[in-house]
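**Student:** Below are the structure tokens for one structure; questions will follow.
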Amino acid sequence: MNVFDILGPVMVGPSSSHTAGAVRIGNISRRLLGEKPVKADILLHGSFALTGAGHGTDKAIVAGLLGMDTDDMRIPKSMEIAGKEGLDFKIGTINLKEAHPNSALLKLKGERGRELEILASSVGGGKINIEMIDGIETSFSGDHPAIVVHNEDRPGHVADVTAALAHHGINIATLNLYRDKRGGYAVMVVETDQPIPENIVKWIGQREGIIKVTYLNI
């Protein structure tokens with residue numbers, strides 16, 4: 001446990017869950033998209049939907065998508081800034097079954113055409129959990145460097161990724177595997193202790209059967 005687990009994050013806004021956590025959801029989503037977002041459909045669930053406007057949750061998520069951090073004094077003006085930055089966004093609500101009450105579903109499109117759908121929740125103290133990516137259930141915090149590999153569910157992909165990381169001296173902190181069905185669409189989430197060089201990410205993305213790779217650089 002560190003001091004931020006006790007005191008909470010350095011932040012702008014009234015609530016660590018509804019504001020700081022929301023900024024992080026937007027910020028981590030931007031990083032996972034891997035490029036500047038130009039379009040965002042933001043759907044708020046549960047408490048986010050009911051009290052989010054009063055806590056600035058909508059502004060906070062937009063701020064995160066613009067690359068702002070939790071202590072950025074521009075957060076209250078994020079919606080105005082978004083227009084200048086070329087981010088076209090829409091805010092709405094959604095009712096998600098069995099989702100955390102502080103959840104948001106983001107549908108993003110980047111400046112180079114990349115698309116990403118993320119379901120994330122704010123779990124308290126400014127911390128978040130990525131619950132789903134492109135319809136596949138996941139669970140990771142965004143607190144560590146991570147590579148998210150979308151691939152066909154067939155033998156060899158896990159071995160290729162772990163061997164590449166080991167060869168470059170990168171230690172794996174956690175590794176989680178998800179799939180929609182046997183032999184279908186799969187997602188591998190690998191959190192590491194060290195940043196992953198861009199050439200390794202590119203090499204993994206070029207392997208046969210790899211659909212796309214997203215990298216979270218912390």
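The values are calculated or read from the model by the stated rules, or taken from the named source; none is laboratory data. None of these values were measured; they are calculated from a predicted model. Cβ coordinates were reconstructed from backbone atoms using ideal geometry, including for glycine residues, and neighbour counts include every protein chain displayed. All accessible areas refer to the heavy atoms of the entire protein, side chains included, with ligands and DNA or RNA removed. Shrake-Rupley method; radii C 1.70, N 1.55, O 1.52, S 1.80 Å.
**Student:** Going by the structure shown, is A164 of a type outside the set (D, E, K, R), part of a helix (DSSP H, G or I) and open to solvent by less than 20 Å² (accessible area, probe 1.4 Å)?
**Tutor:** yes
**Student:** With the condition kept exactly as written, say whether any residue in the range 174-182 is surrounded by fewer than 11 Cβ atoms within 10 Å (Cβ to Cβ), closer than 24 Å to E115 by Cα and at pLDDT below 95. Quick ask: steps written out before the conclusion?
**Tutor:** Applying the first criterion (surrounded by fewer than 11 Cβ atoms within 10 Å (Cβ to Cβ)) to the range 174-182 yields 181-182.
Filter once more, keeping what is closer than 24 Å to E115 by Cα: 181.
Subsequent filtering for residues that are at pLDDT below 95 retains 181.
So far as the range 174-182 goes, yes, one or more of its residues are surrounded by fewer than 11 Cβ atoms within 10 Å (Cβ to Cβ), closer than 24 Å to E115 by Cα and at pLDDT below 95.
**Student:** Within the range 38-53, work out how many residues are in a helix (DSSP H, G or I) and touching a residue at least 40 places away in the same chain (Cβ under 8 Å).
**Tutor:** Looking only at that region, the number is 3.
**Student:** Conditions first: (1) at pLDDT 95 or above; (2) assigned to a loop (DSSP other than H, G, I, E, B). E35 passes all but one, so which condition is the exception?
**Tutor:** So E35 meets the others, but not (1).
**Student:** Could you say whether any residue in the range 3-11 is assigned to a helix (DSSP H, G or I), within 20 Å of the chain's Cα centre (by Cα), farther than 15 Å from D71 by Cβ and modelled with pLDDT under 95?
**Tutor:** no
**Student:** Report the residue count in the range 152-205 for those that are small (G, A, S) and farther than 18 Å from D134 by Cα.
**Tutor:** Adding up the residues that qualify gives 7.
**Student:** Could you tell me which of the residues H100, H144 is under 24 Å from L44 (Cα atoms), in a loop (DSSP other than H, G, I, E, B) and open to solvent by 20 Å² or more (accessible area, probe 1.4 Å)?
**Tutor:** Result: H100 is the single residue among H100, H144 that is under 24 Å from L44 (Cα atoms), in a loop (DSSP other than H, G, I, E, B) and open to solvent by 20 Å² or more (accessible area, probe 1.4 Å).
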